[in-house]
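The values are calculated or read from the model by the stated rules, or taken from the named source; none is laboratory data. Predicted model, so just to flag it, every value in this text is computed and none were measured. Neighbour counts run over all protein chains shown; Cβ positions are idealised from the backbone, glycine included. Surface areas here come from the heavy atoms of the whole protein model, side chains and all, with no ligands, DNA or RNA. Shrake-Rupley method; radii C 1.70, N 1.55, O 1.52, S 1.80 Å.
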Amino acid sequence: MPELPEVEVVRRGLERWVSGRVVAHAEVLHPRAIRRHVPGAEEFVSRLRGRTIGSAERRGKYLWLPLDGSDAILAHLGMSGQLLVVEPGSAPEKHLRVRIGFADGGPELRFVDQRTFGHVLVTAMAHSGGRPVPEPIVHIAADPFEDHFDDEKFAGRLRAKQTEVKRALLDQSLISGVGNIYADEALWRAGLHGVRPTGTLTKPKIAELLAAARQVMSAALSEGGTSFDSLYVNVNGESGYFDRSLAVYGRRDEPCRKCGAPIIRESFMNRSSYSCPRCQPRPKRAGL
DNA sequence: CAAGAGACCTGCTAGC
DNA sequence: TGCTAGCAGGTCTCTT
């Protein structure tokens, strides 16, 4: 489940069902799932055996489970990854990639991923953005719900970029956690078209955009996240309901919730962008 | 160095 | 019915 609210739903599930437990065994069923674990599958498995799982953490769309000692299990769900907590004997999911069993004999943790863009690995910890994070994600910026997220610095870096505002929102080294859905929703709330050059945004407008992103992601989290289908679920396999509250994403030809104009879909960065042609007019030219 | 295009996957759906 | 093109919520890597 890709964007910040959906990943946070999973983090909370891991915190509740996995933290504090001792790993008894692990199994890698698809090598691609651990492709970023350089030492390979055998090392991955042996490194987990006997370890105690700590409190689940998240930055943006990355999740990690600290291990006793100083390393952690790091996971990214990619486009279709799921972390599920299921009874050890239950039938393997079609796209089951990694399985972790516990010494208490209770429910096991399964990484299921249809499209295999997600991955898990065991890694050392480092430091970035005001707190300890797994070494492979030191380049990922703080997400807007972290205490260390600096609104002023974000505004400055955003305006300095030679790019368009939606691209910048999706740039995980600038602000993490925002993906295609919530970028579109935040832009709609702020009345901005995604191709607006970042250099033309005023500080108050950037503050408004940031507030919009926080609001829409908070609202989504309180509904359990956004799910259009069974691919995006919590650790117990349940979907969220925020899709009902989306203002633009996936609503082509439906009326804008502010002005009633039909929502349009445009191609941008090889993906879909949805916007209201009246509330979010396309800039006439760079500099406007 | 920064910005943008392409690559990496499977499965579903719409349209012919 | 069956085929194909297009699309899906992400990030990394390579080129310019």
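Would segment A:201-214 turn up any residue that is assigned to a loop (DSSP other than H, G, I, E, B), out of contact with any Pro (no Cβ under 6 Å at 6 or more places or on another chain) and open to solvent by less than 50 Å² (accessible area, probe 1.4 Å)? Scanning segment A:201-214, I find at least one residue that is assigned to a loop (DSSP other than H, G, I, E, B), out of contact with any Pro (no Cβ under 6 Å at 6 or more places or on another chain) and open to solvent by less than 50 Å² (accessible area, probe 1.4 Å), so the answer is yes. The sole residue among A:Ile34, A:Ile53 that is of a type in the set (Val, Ile, Thr), within 16 Å of DNA strand C (Cβ to nearest atom) and not assigned by TED's automatic domain parsing to the domain that holds A:Asn234 is A:Ile34. Restricting attention to segment A:6-19, does a residue exist that is assigned to a loop (DSSP other than H, G, I, E, B), within 27 Å of A:Glu223 (Cα to Cα) and within 16 Å of DNA strand C (Cβ to nearest atom)? Checked against the condition, which is being assigned to a loop (DSSP other than H, G, I, E, B), within 27 Å of A:Glu223 (Cα to Cα) and within 16 Å of DNA strand C (Cβ to nearest atom), segment A:6-19 yields no hits at all. Set side by side, the residues A:Leu121, A:Leu74, A:Leu109 differ, and just one is under 19 Å from A:Glu6 (Cα atoms), touching a residue at least 60 places away in the same chain (Cβ under 8 Å) and within 15 Å of DNA strand C (Cβ to nearest atom), which is A:Leu74.
Taken over segment A:112-125, the residue count meeting the criterion of being open to solvent by 30 Å² or more (accessible area, probe 1.4 Å) and away from DNA strand B (no atom under 15 Å from the Cβ) is 2.
Residues that are without any contact (Cβ under 8 Å) to a residue 40 or more places away in the chain and assigned to a helix (DSSP H, G or I) were ranked within segment A:151-175; the one that is nearest to the chain's Cα centre (by Cα) is A:Ala168. Comparison of A:Val195, A:Val178 shows that the only residue that is more than 16 Å from DNA strand C (Cβ to nearest atom) and either assigned to a loop (DSSP other than H, G, I, E, B) or open to solvent by 20 Å² or more (accessible area, probe 1.4 Å) (or both) is A:Val195. Scanning segment A:240-282 for residues that are at pLDDT below 95 and open to solvent by less than 30 Å² (accessible area, probe 1.4 Å) returns A:Gly240, A:Phe242, A:Phe268. The sole residue among A:Asp243, A:Asp253, A:Asp229 that is in contact with a strand residue (DSSP E or B) (Cβ under 7 Å, 6 or more places away or on another chain) and without any contact (Cβ under 8 Å) to a residue 60 or more places away in the chain is A:Asp253. Looking only at residues in segment A:181-192 that are within 16 Å of DNA strand C (Cβ to nearest atom) and open to solvent by less than 10 Å² (accessible area, probe 1.4 Å), the one that is nearest to A:Ile264 (Cα to Cα) is A:Asp184. Out of A:Ile137, A:Ile175, one residue alone is of a type in the set (Val, Ile, Thr) and closer than 27 Å to A:Ala247 by Cβ. It is A:Ile175. A:Val165: within 14 Å of DNA strand B (Cβ to nearest atom), buried (at least 23 other Cβ atoms within 10 Å of the Cβ) and more than 29 Å from A:Leu96 (Cβ to Cβ), yes or no? Answer is yes for this residue. Of everything in segment A:127-154 that is farther than 25 Å from A:Val38 by Cα and within 15 Å of DNA strand B (Cβ to nearest atom), the residue that is least open to solvent (accessible area, probe 1.4 Å) is A:Phe154.
Are any residues in segment A:20-36 of a type in the set (Val, Ile, Thr) and part of a helix (DSSP H, G or I), and if so, which ones? The one that is of a type in the set (Val, Ile, Thr) and part of a helix (DSSP H, G or I): A:Ile34.
Considering segment A:37-125, the qualifying strands (runs of 3 or more DSSP E), each wholly inside and each with 3 or more residues that are touching a Ser or Thr at 6+ places or on another chain (Cβ under 7 Å), run over A:71-76. Picking from residues in segment A:97-111 that are over 23 Å from the mean Cα position of the chain (by Cα) and farther than 12 Å from A:Asn236 by Cα, the one that is surrounded by the most Cβ atoms within 10 Å (Cβ to Cβ) is A:Gly101.
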